[in-house]
């Protein structure tokens, strides 16, 4: 089975965030570092060259595919700030309706122009619910 290309790298999160060109986007990244570390209880780690992830869990699909993935994460892309959450859990749609200005892809990727466009309390609520659902769904796998 092929390995995922997106995996922890050991690269410096601080250096990655410091290298974000746009000062506003960099400040949003610093705020997300605080929020996601608080929500997951895990320190940030680089996943691939451009994703900051927090914690990890082992997933297993009925197809037999398995691997590790982050509990939550984000990436400061050129167009948007991408926030990675679990898709399709109870209450997700209601929270997204209250979040503020965003786009979503399959429910697992939230695209934000800037954090000022969203309600940070709702974003944290969404992240907490996502992490709780991951931990409920994969109870036999220690989530760091």
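The values are calculated or read from the model by the stated rules, or taken from the named source; none is laboratory data. Keep in mind that what you see is a predicted model, and the values were worked out from it rather than measured. All Cβ positions, glycine included, derive from the backbone under ideal geometry; neighbour counts span all protein chains shown.
Conditions tested, residue by residue: (1) over 15 Å from the mean Cα position of the chain (by Cα); (2) at pLDDT below 95; (3) on the phi > 0 side of the Ramachandran plot.
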| site | (1), (2), (3) |
| --- | --- |
| 13 | no, no, no |
| 25 | yes, no, no |
| 35 | no, no, no |
| 46 | no, no, no |
| 56 | no, yes, no |
| 60 | yes, yes, no |
| 68 | no, yes, no |
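Any residue in the range 94-112 that is touching a residue at least 12 places away in the same chain (Cβ under 8 Å) sitting within a Cβ distance under 8 Å of a residue that is surrounded by fewer than 16 Cβ atoms within 10 Å (Cβ to Cβ) and assigned to a helix (DSSP H, G or I)? List the pairs, counting only those 6 or more apart or interchain. Within 8 Å, the pairs are 100/117; 101/117; 102/117. Residues of the range 113-137 that are surrounded by 14 or more Cβ atoms within 10 Å (Cβ to Cβ), without any contact (Cβ under 8 Å) to a residue 40 or more places away in the chain and farther than 25 Å from residue 57 by Cα: 113, 118, 119. Applying the criterion of being over 18 Å from residue 111 (Cα atoms) and out of contact with any helix residue (DSSP H, G or I) (no Cβ under 9 Å at 6 or more places or on another chain) to the residues of the range 24-40, the residue that is surrounded by the fewest Cβ atoms within 10 Å (Cβ to Cβ) is 34.
Going by the structure shown, is residue 83 in contact with a strand residue (DSSP E or B) (Cβ under 7 Å, 6 or more places away or on another chain), touching a residue at least 24 places away in the same chain (Cβ under 8 Å), part of a helix (DSSP H, G or I) and within 26 Å of residue 139 (Cβ to Cβ)? Step through it out loud before you land on a result.
Working: in contact with a strand residue (DSSP E or B) (Cβ under 7 Å, 6 or more places away or on another chain): yes; touching a residue at least 24 places away in the same chain (Cβ under 8 Å): yes; part of a helix (DSSP H, G or I): no; within 26 Å of residue 139 (Cβ to Cβ): yes.
Against the criterion (in contact with a strand residue (DSSP E or B) (Cβ under 7 Å, 6 or more places away or on another chain), touching a residue at least 24 places away in the same chain (Cβ under 8 Å), part of a helix (DSSP H, G or I) and within 26 Å of residue 139 (Cβ to Cβ)), residue 83 does not qualify.
Applying the criterion of being in a helix (DSSP H, G or I) and surrounded by fewer than 16 Cβ atoms within 10 Å (Cβ to Cβ) to the residues of the range 86-112, the residue that is modelled with the lowest pLDDT is 93. Scanning the range 1-16 for residues that are in a helix (DSSP H, G or I) and in contact (Cβ under 8 Å) with a residue 40 or more places away in the chain turns up nothing.
Screening residue 45 on (1) within 15 Å of residue 82 (Cβ to Cβ); (2) surrounded by 13 or more Cβ atoms within 10 Å (Cβ to Cβ); (3) in contact with a helix residue (DSSP H, G or I) (Cβ under 9 Å, 6 or more places away or on another chain) shows it passes everything except condition (1).
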